[in-house]
1. It is to be established whether one or more residues within the range 12-25 are open to solvent by 60 Å² or more (accessible area, probe 1.4 Å), modelled with pLDDT of 95 or more and over 14 Å from the mean Cα position of the chain (by Cα).
2. Identify the single condition in (1) without any contact (Cβ under 8 Å) to a residue 24 or more places away in the chain; (2) among the aliphatic types (A, V, I, L, M); (3) surrounded by 14 or more Cβ atoms within 10 Å (Cβ to Cβ) that residue 84 does not satisfy, given that it satisfies every other one.
3. Conditions: (1) touching a residue at least 24 places away in the same chain (Cβ under 8 Å); (2) surrounded by 14 or more Cβ atoms within 10 Å (Cβ to Cβ). Residue 70 meets all but one. Number of the miss?
4. Quick one: is residue 46 part of a loop (DSSP other than H, G, I, E, B), open to solvent by less than 60 Å² (accessible area, probe 1.4 Å) and at pLDDT 95 or above?
5. Taking the conditions exactly as written (under 16 Å from the mean Cα position of the chain (by Cα) and aliphatic (A, V, I, L, M)), does residue 98 satisfy them or not?
6. Go through (1) part of a helix (DSSP H, G or I); (2) modelled with pLDDT under 95; (3) within 11 Å of the chain's Cα centre (by Cα); (4) not polar (S, T, N, Q) one by one and return the number of the condition residue 87 breaks.
7. Test each condition in (1) outside any helix (DSSP H, G or I); (2) touching a helix residue (DSSP H, G or I) at 6+ places or on another chain (Cβ under 9 Å); (3) of a type outside the set (Phe, Trp, Tyr) for residue 29 and report the one that comes out false.
8. Taking the range 32-43 on its own, how many of its residues are surrounded by fewer than 16 Cβ atoms within 10 Å (Cβ to Cβ), part of a loop (DSSP other than H, G, I, E, B) and either on the phi < 0 side of the Ramachandran plot or of a type in the set (S, T, N, Q) (or both)?
Amino acid sequence: MKDLDFAFIGQRIRELRNEKMLTQEYIANAVDVNVSHISNIETNKVKVSLTLLVQICNVLDTTIDYILEHEYRSNDSVIEQELVNVFKEMDKEKQETLLRIAKIL
């Protein structure tokens, strides 16, 4: 088995953190590590442990499979799963609106 692409994992974490407008300090405090450790994960200077990756995903409100999407083959697309999760969280009116928009696209 090939090694995990920790550079991609760090990049994905950084992208999500920035999208959610969270600082490295916020993530570090939430998972009880130093800010430099989060920076080192994002820049591929250290490899993130599975335990810490789970904690970071919880803080970022994302799934492990989204972070690791290029690391395994799955019949279900990560994007499909994310869409399903977003859809489930919407109220009925927004679901109907989204369905109409999707049919137009």
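The values are calculated or read from the model by the stated rules, or taken from the named source; none is laboratory data. Bear in mind that the values here come from a model prediction, so they are computed numbers and not experimental data. Note: ideal-geometry Cβ built from the backbone for every residue, glycine included; neighbour counts use all protein chains shown. Keep in mind that these areas ignore ligands, DNA and RNA; they rest on the heavy atoms of the full protein, side chains included. Shrake-Rupley method; radii C 1.70, N 1.55, O 1.52, S 1.80 Å.
1. First pass over the range 12-25, keeping only residues open to solvent by 60 Å² or more (accessible area, probe 1.4 Å): 14-15, 18-21, 23, 25.
Retained after the next criterion (residues that are modelled with pLDDT of 95 or more): 14-15, 18-21, 23, 25.
Of the ones still in play, those that are also over 14 Å from the mean Cα position of the chain (by Cα) are 23, 25.
Looking through the range 12-25, at least one residue is open to solvent by 60 Å² or more (accessible area, probe 1.4 Å), modelled with pLDDT of 95 or more and over 14 Å from the mean Cα position of the chain (by Cα).
2. (3)
3. (2)
4. Values: part of a loop (DSSP other than H, G, I, E, B): yes; open to solvent by less than 60 Å² (accessible area, probe 1.4 Å): yes; at pLDDT 95 or above: yes.
Yes; evaluated as a whole, the condition is true for this residue.
5. Values: under 16 Å from the mean Cα position of the chain (by Cα): no; aliphatic (A, V, I, L, M): yes.
Considered against the rule, which asks whether it is under 16 Å from the mean Cα position of the chain (by Cα) and aliphatic (A, V, I, L, M), residue 98 comes out as no.
6. (3)
7. Against the list (1) outside any helix (DSSP H, G or I); (2) touching a helix residue (DSSP H, G or I) at 6+ places or on another chain (Cβ under 9 Å); (3) of a type outside the set (Phe, Trp, Tyr), residue 29 comes up short only on (1).
8. Selection size over the range 32-43: 2.
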